[in-house]
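Working notes for the structure below.
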């Protein structure tokens, strides 16, 4: 137990000292299949690795641990922008509606939802979802025919009961009472909205509506009920004001989606787990629809590509700080530069060029024009291939960072008769615990 605690403290001390960034990214968590792939990669590396002596100096430890951590950060940054490691894709899509007066749409699906730009939904809105409305009697504003005293009434909202108590004073008019009750209901927080309506002829009525829309088949009385119970010492305010009268029942929205009739209890709903639909109005004529789908979001794609370039440059700049006698950084730079050259012509057309210090530069205006003229996100296939190659290289570095350390080869393995050994992995682990064991 004590030994495990000591080793844990040793690891944390070295990681804190040498790791360039500490990340709690969700991409540091792995599935069993991913861990198995990492293990198999280490086995293949160890099978082919020659026997060598490595420098165990403080400088070497810092370089190797830093290189491994930087490659992990680069990997996480790429996956956070491009998605699944086996099928990289720019997550840059936006929903559209061909008729905003009928409905508007937002895309809420992810990369794994399988949404194609060819997937569309034709939606006809036959009616909107409506709330229940209770409308009281229009009473003269400046008079009052109810006796002053203490009154109460009950309200039931979605099966939950509430009691309202209030006083009517001698000097109050009908209009005063209606405004008092309206404020009382609005401040109660029971999902009811109240207001006082005037008819322009000196009369006013109390209007109460539910915030919740849609039909309530399990509640025969409707979305809410107001009653004046008989056990009150002073009752009669509900029939006097007329607020128990249901002027309009709550109704569902009626839609036709791709020829199929459906209903929705709300004017805001999720379609096929991918589109947030907001109904704005009714189709002007039967058969008139609004088409909902997804299209490439060029602005978002440009920003994602910019983030990828920044992550690549951050890795290159960090590696430049490790240009010491202990590291073969030129070999690493040449490998990264070779990947850039492979896709150099396509990247240059998109506004991505090699700048000073082997970093990449990006002209967002050129990239935007390119994507606009070349039909959006699907046109940047070279970016996906380039990123995939960088991702593979980051994984290789992470599995075997000792590869880029200056070391002396003692013996090569017998070709064709290789066997698996833990030497390479032990070399990296040894940097953590050297001089502590």
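The values are calculated or read from the model by the stated rules, or taken from the named source; none is laboratory data. Since the structure is predicted, the reported quantities are computational estimates derived from the model, not experimental observations. Glycine also receives a Cβ, built like all others from the backbone with ideal geometry; neighbour counts cover every protein chain displayed.
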Which residue is surrounded by the fewest Cβ atoms within 10 Å (Cβ to Cβ), if the candidates are limited to segment 264-290 and must be free of Cβ contacts under 8 Å to residues at least 40 places away in the same chain and not in a loop (DSSP other than H, G, I, E, B)?
268
Quick one: residue 166 ticks every box in (1) under 20 Å from residue 130 (Cα atoms); (2) outside the structural domain of residue 122 (by TED's automatic domain parsing) bar one, so which box is it?
(1)
Among the residues of segment 315-334, is there at least one that is assigned to a loop (DSSP other than H, G, I, E, B), touching a residue at least 12 places away in the same chain (Cβ under 8 Å) and crowded, with 18+ Cβ neighbours inside 10 Å?
yes
Has segment 51-73 got at least one residue that is at pLDDT 80 or above, crowded, with 18+ Cβ neighbours inside 10 Å and within 21 Å of the chain's Cα centre (by Cα)?
yes
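Yes or no, residue by residue, for (1) within 48 Å of the chain's Cα centre (by Cα); (2) free of Cβ contacts under 8 Å to residues at least 60 places away in the same chain; (3) under 30 Å from residue 94 (Cα atoms):
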| position | (1), (2), (3) |
| --- | --- |
| 122 | yes, no, yes |
| 126 | yes, no, yes |
| 132 | yes, no, no |
| 145 | no, no, no |
| 158 | yes, no, no |
| 168 | no, no, no |
| 180 | yes, yes, no |
| 204 | yes, no, no |
| 209 | yes, no, no |
Give the residue that is modelled with the highest pLDDT, with candidates limited to residues of segment 335-382 that are surrounded by fewer than 17 Cβ atoms within 10 Å (Cβ to Cβ) and part of a strand (DSSP E or B).
361
